[in-house]
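What follows is a short report on a single structure.
No value in this document is a laboratory result; all are computed from the given coordinates. Only a predicted model underlies this, so the values are computations on that prediction, with no experimental measurement involved. When we count neighbours, we look across all protein chains shown, and the Cβ atoms used for this are built from the backbone with ideal geometry, even at glycine.
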Amino acid sequence: MEDESRIHCLGTSKERNEVCLCPTEGIINVISKKWALQIIATIGNHKKLRFGEIMKNLGAISPKTLTDRLKELEEVGLINREVFPEIPPRVEYSLTQNGVELRDAMRPLMEWASERGG
């Protein structure tokens, strides 16, 4: 299956305005999960947020789902998790450069969806 995808990508034509989807498979699996794009947008809107602040901004997300998404987004290099050596521990989340670039790339999609009420 991978060989077939690679062959397809190698055979794409810029003249026909085709886009190779092969490089997007890994990241799409993460950002297509529920809440992932909202988390990226929320952190990006505030530059740095703590877990509770993200929860408050998103509203209906469960703590487990937020924990899972933050871990996944950190693993693919879209967010930074900074732990401060304090008691009680303080953790802040911010976007990496890749996260900022993704947020910037998402903006037209979010505006398009907003214009359509959805």
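Overview of values
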item: Dipole of segment 33-115, positive end: most advanced residue of THR67, LEU95, HIS46 [Cβ charges, Cα centre]; result: THR67
item: Footprinting exposure proxy for ARG69, ARG103, ARG90, ARG116 (fewest neighbouring C-beta atoms within 10 Å first); result: ARG116, ARG90, ARG103, ARG69
item: Note, ³J(HN,Hα) from phi for segment 83-90, Karplus 6.51, -1.76, 1.60, rounded to Hz, x at Gly and Pro; result: 9, 9, x, 10, 10, x, x, 10
item: Built amide H within the under 5 Å cut-off of LEU95, gap 5+; result: ASN80
item: Eligible lysines near LYS34 by straight Cα distance, threshold 27 Å, same-chain separation 8 or greater; result: LYS47, LYS48, LYS56, LYS64, LYS71
item: Residues ILE87 and MET55, FRET efficiency given R0 of 25 Å [Cβ-Cβ distance, rounded to 0.05]; result: 0.70
item: Overall form of segment 19-118 per C-alpha gyration tensor (a/c, 1.5; a/b vs b/c); result: prolate
item: Within-15-Å neighbourhood charge of LYS34 [Cβ basis; K, R +1; D, E -1]; result: +2
